[in-house]
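Trainee: One structure, as structure tokens, below. Some questions next.
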Amino acid sequence: MIVYYLIFINIVSFVLMAIDKRNAIKNKERVSENKLFFVSIIGGFIGVALGMIIFNHKINKIKFYLIILLSSMLWLTIIYIFQKVVQ
């Protein structure tokens, strides 16, 4: 079940990064950094990281690297604990 959730939230976060990049180019309303941080923390850190790399977006912002790092550590811990409980 957790795998499906992580797949979904990472697709959502990747799409949000694509929308934000497109809107940045077109000078339209942007996706807030807080929303991007939020989806990263709730499990979308892979989608945000891939969005940064593929779209060359927000790569100069140290905050994004830190949030992705902390989010990945949090979720790896959750997955590890979940795996131990299920076994």
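The values are calculated or read from the model by the stated rules, or taken from the named source; none is laboratory data. Being a predicted model, the structure only gives us computed values, none of them experimental. Note: ideal-geometry Cβ built from the backbone for every residue, glycine included; neighbour counts use all protein chains shown. Ligands, DNA and RNA are excluded from the accessible area calculation, which covers all protein heavy atoms including side chains. Shrake-Rupley method; radii C 1.70, N 1.55, O 1.52, S 1.80 Å.
To keep it simple, each residue is scored yes or no on (1) closer than 18 Å to residue 1 by Cα; (2) of a type outside the set (A, V, I, L, M).
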site: 13; (1), (2): no, yes
site: 29; (1), (2): no, yes
site: 32; (1), (2): no, yes
site: 36; (1), (2): no, no
site: 42; (1), (2): yes, no
site: 59; (1), (2): no, no
site: 68; (1), (2): no, no
site: 78; (1), (2): yes, no
site: 82; (1), (2): yes, yes
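Trainee: Regarding residue 12, is this residue crowded, with 18+ Cβ neighbours inside 10 Å and modelled with pLDDT of 95 or more?
Mentor: no
Trainee: From 67, 7, 46, which residue is surrounded by fewer than 19 Cβ atoms within 10 Å (Cβ to Cβ) and either free of Cβ contacts under 8 Å to residues at least 24 places away in the same chain or not basic (Lys, Arg) (or both)?
Mentor: None of the other options fit; the residue is 7.
Trainee: Need the failing condition index for residue 31 against (1) at pLDDT 90 or above; (2) in a helix (DSSP H, G or I); (3) surrounded by 14 or more Cβ atoms within 10 Å (Cβ to Cβ); (4) under 14 Å from the mean Cα position of the chain (by Cα), just the number.
Mentor: All conditions pass for residue 31, except number (2).
Trainee: In segment 52-64, what count of residues is obtained for those that are more than 15 Å from residue 13 (Cβ to Cβ) and part of a helix (DSSP H, G or I)? Can you show your working first?
Mentor: Going residue by residue through segment 52-64, those that are more than 15 Å from residue 13 (Cβ to Cβ) are 56, 59-63.
In the following step, the residues that additionally are part of a helix (DSSP H, G or I) were identified as 62-63.
Within segment 52-64, residues that are more than 15 Å from residue 13 (Cβ to Cβ) and part of a helix (DSSP H, G or I) number 2.
Trainee: For residue 53, indicate whether it is closer than 22 Å to residue 83 by Cα, at pLDDT below 95, surrounded by fewer than 18 Cβ atoms within 10 Å (Cβ to Cβ) and of a type in the set (Val, Ile, Thr).
Mentor: no
Trainee: Considering only residues that are without any contact (Cβ under 8 Å) to a residue 24 or more places away in the chain and charged (D, E, K, R), which ones fall in segment 10-43?
Mentor: 22, 26, 28, 29, 30, 35 - these are the residues of segment 10-43 that are without any contact (Cβ under 8 Å) to a residue 24 or more places away in the chain and charged (D, E, K, R).
Trainee: A further question follows. Taking residue 81 as meeting all but one of (1) under 13 Å from the mean Cα position of the chain (by Cα); (2) surrounded by fewer than 19 Cβ atoms within 10 Å (Cβ to Cβ); (3) part of a helix (DSSP H, G or I), write down the number of the exception.
Mentor: (1)
Trainee: Inside segment 16-28, can you point out the residues that are part of a helix (DSSP H, G or I) and open to solvent by 70 Å² or more (accessible area, probe 1.4 Å)?
Mentor: 22, 25
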